[in-house]
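Since the structure comes first, as structure tokens, the remarks are kept for the end.
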Amino acid sequence: MNEPKNLIKLNFVAPLLFETTELKESFNDFIVNGTAIDECTSRNGITYLAKELKEAANTIQNKPILKDHKNEVDSIVGKVLEGKFNATKKSIEYKGIIVDEKAKQLIRQGMINHVSIGATVRNMREETANESKQLIAEGLEILELSLTPVPGIPGASIMGQSFSQALQEAYDLLNKNEKIEVNNMEDNKELEV
């Protein structure tokens, strides 16, 4: 009989590969947008320059939206769909989707108004200006966007509404404008008589 051989267990990690098709907004989607980061010095003393943000803007796309920078599967509440550099504001603007019901509720109620980026930097350069030292982040790569009650960058924001809410608001506004126009036409008729 064959004797059992010593077996070696190997563990390895392989990326999960899948192909996505274009995401179409449905009536239940909760779309968010805002400023991920702008040119400034953060509360922890790191300076982010516009030229570095411009180079990093595309790295935010398709990244997870997390709760409080917790890098765990159960902390994923959404995904960043688009990211672009806004030259006027000197900021990285984003659009994303939130799928977590509690996160949606907190955003709708205005309890969560801010986001924070999780990122790596290639280099931290120290610079002295006006006898004050500052750390400048260079080679920024955004790894995730997090919902947070207190952001490191005061201007980092999130706003959201469901697609159906946006449609309803547009419809209501359109109806209001038509009613005003009809009322004005009726008033004119009365004046003409």
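Any read-out appearing in this document is the output of simple, stated calculations on the displayed coordinates, not a laboratory observation. Just so we're clear, the structure is a prediction, and the values are computed from it rather than from any experiment. Glycine also receives a Cβ, built like all others from the backbone with ideal geometry; neighbour counts cover every protein chain displayed.
What the table below lists for this structure:
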read-out: Extended-chain gain in nm, criterion 0.36 nm per residue less alpha-carbon gap, Gln134 and Arg43; value: 31.6 nm
read-out: Order by protection proxy (mean Cβ within 10 Å, highest first), peptides 29-36, 40-47, 120-127; value: 29-36, 40-47, 120-127
read-out: Shape category assigned to segment 98-141 from the gyration tensor of Cα positions, a/c cut at 1.5; value: oblate
read-out: More than 13 Å apart - percent of Cα-Cα pairs taken over segment 36-79; value: 63
